[in-house]
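The structure appears below as structure tokens.
The values are calculated or read from the model by the stated rules, or taken from the named source; none is laboratory data. This one's a predicted model, so the numbers in the text were calculated from it and none came from an experiment. Cβ sites come from the backbone with ideal geometry, for glycine too, and all protein chains shown count toward neighbours.
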Amino acid sequence: MTNTALHHILQIGRLPLPALETELAARYQVTCLADQADPQAFLAAQGAQFSGVVTTASIGLTGDVIAALPHLQVISSFGVGFDALDIGAAKARGAQVGYTPGVLDDCVADMAFALMLGVSRGVAASDRFVRRGAWTQGRFALGSRVSGKRLGIVGMGRIGQAVAERASGFRMEVGYHNRRPAPDAALPYFESLVALARWADYLVLTVAGGPATRHMVDRAVLDALGPQGFLINVARGSVVDEAALAEALADHRIAGAGLDVFEDEPQVPAALMALDNVVLTPHTASATHETRRAMADLVLENLESFYATGSVRVKVPGT
């Protein structure tokens, strides 16, 4: 096996698991770009020494940084999304891009149901109700039942399939929308997202981010979901028109929403934070000890595999 201690790795920013930073430093010569006083000047002076990059799905990797790394061979990203990675620039450089799909599917699907139950039954709002002493003054408002309802899934990939599996335990009727029918999904397929939203009681977003899906959930989709419908987003914030969503929630044109992701993280629109019919979580769908450890292992395995064999273990499609 190649002596990995000789390889210089550029870590773009802080990683979600501190142990991963420790393990990277034990195996490679690692420099964190975020620690440099002048990152641009550092790259201009030192960029040629790096053959590998470690980043996260949320931080990504820009074309400008790739351009400053003339000997870049491999990128290992912590996360399943790659819309913040300049894939075109990576391909032009000839760099392989590894990421960490599969290992986080269960936890993201679990969070989709946690948000679904949380907003339907008013879990967060009822917690606040109890804490402020309001229970002694009256009863909490009625919620909505999840069991037996219609669940529309937008994006029938690994995570979408995991959501569909969980829905069977709630005796839910499941339909989905994709760019094209999924060959291994024996579920009703809706060619139109508006049609799926009109049919569903719950619309769960598990679709990839990026320009192709930006604001695909717009006013028309929200109006189709209707005043009894709920939106759940564990995909990317860019998929939803947040201004249209805040307006729909405030006007009760939809019943509620559960959001783990936002357009300008960590900034969350004040219009959403002011509403009680939305549950907000800080992009933590994969944030369990078990899943983050598995993701870290795959980041390391992608690097180790590339330096040993010339190929990452799990490659971003098309790279």
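Among the residues making up region 214-247, those that are within 23 Å of the chain's Cα centre (by Cα) and in a helix (DSSP H, G or I) are ARG219, VAL221, LEU222, LEU225, GLY237, SER238, VAL239, GLU242, ALA243, ALA244, LEU245, ALA246. Residues in region 223-234 that are surrounded by fewer than 24 Cβ atoms within 10 Å (Cβ to Cβ) and not acidic (Asp, Glu): ALA224, GLY226, PRO227, GLN228. Put simply, of LEU187, LEU203, LEU193 the only residue that is touching a residue at least 40 places away in the same chain (Cβ under 8 Å) and either under 18 Å from the mean Cα position of the chain (by Cα) or assigned by TED's automatic domain parsing to the domain that holds ARG253 (or both) is LEU203. Give all pairs with beta carbons closer than 7 Å in which a residue from region 254-280 that is over 15 Å from VAL239 (Cβ atoms) meets a residue that is modelled with pLDDT under 95 and in a strand (DSSP E or B); count only pairs at least 6 apart in sequence or on separate chains. Filtered contacts from region 254-280: no entries.
Going residue by residue through region 277-289, is there one that turns out to be closer than 20 Å to VAL204 by Cα, of a type in the set (S, T, N, Q) and surrounded by 21 or more Cβ atoms within 10 Å (Cβ to Cβ)? Within region 277-289, one or more residues are closer than 20 Å to VAL204 by Cα, of a type in the set (S, T, N, Q) and surrounded by 21 or more Cβ atoms within 10 Å (Cβ to Cβ). Could you please let me know if PHE42 is aromatic (Phe, Trp, Tyr) and either more than 30 Å from ALA164 (Cα to Cα) or not assigned by TED's automatic domain parsing to the domain that holds ASP260 (or both)? So PHE42 fits the description; yes. Does region 140-152 contain any residue that is on the phi > 0 side of the Ramachandran plot and touching a residue at least 24 places away in the same chain (Cβ under 8 Å)? Within region 140-152, one or more residues are on the phi > 0 side of the Ramachandran plot and touching a residue at least 24 places away in the same chain (Cβ under 8 Å).
Any idea which of ARG158, ARG128, ARG150 is touching a Phe, Trp or Tyr at 6+ places or on another chain (Cβ under 9 Å) and surrounded by fewer than 20 Cβ atoms within 10 Å (Cβ to Cβ)? The unique qualifying residue is ARG150. Only a single item in (1) touching a Lys or Arg at 6+ places or on another chain (Cβ under 6 Å); (2) over 11 Å from HIS8 (Cα atoms) is not met by LEU72, and it is number (2). Just the residues that are surrounded by 20 or more Cβ atoms within 10 Å (Cβ to Cβ) and either at positive phi or in a helix (DSSP H, G or I) (or both), please, taken from region 164-178. Scanning region 164-178 gives ALA164, ALA167.
Considering LEU115, LEU10, LEU61, which residue is in the same structural domain as SER238 (by TED's automatic domain parsing), surrounded by 23 or more Cβ atoms within 10 Å (Cβ to Cβ) and within 26 Å of the chain's Cα centre (by Cα)?
Step by step, each of LEU115, LEU10, LEU61 is checked, and only LEU115 is in the same structural domain as SER238 (by TED's automatic domain parsing), surrounded by 23 or more Cβ atoms within 10 Å (Cβ to Cβ) and within 26 Å of the chain's Cα centre (by Cα).
Here ALA212 meets the list (1) surrounded by fewer than 17 Cβ atoms within 10 Å (Cβ to Cβ); (2) aliphatic (A, V, I, L, M); (3) touching a helix residue (DSSP H, G or I) at 6+ places or on another chain (Cβ under 8 Å); (4) within 26 Å of PHE82 (Cα to Cα) almost entirely, failing just condition (3). For GLY102, the conditions (1) closer than 29 Å to GLY160 by Cα; (2) surrounded by fewer than 18 Cβ atoms within 10 Å (Cβ to Cβ); (3) over 17 Å from the mean Cα position of the chain (by Cα) all hold with the exception of (3). Being closer than 27 Å to TYR99 by Cα, touching a residue at least 12 places away in the same chain (Cβ under 8 Å), crowded, with 24+ Cβ neighbours inside 10 Å and not basic (Lys, Arg) is a description that applies to VAL217. When region 18-50 is filtered for residues that are assigned to a loop (DSSP other than H, G, I, E, B), surrounded by fewer than 19 Cβ atoms within 10 Å (Cβ to Cβ) and hydrophobic (A, V, I, L, M, F, W, C), only ALA37 remains. When each of ASP241, ASP276, ASP251, ASP260 is tested for being at pLDDT below 95 and not assigned by TED's automatic domain parsing to the domain that holds VAL80, the lone residue that passes is ASP276.
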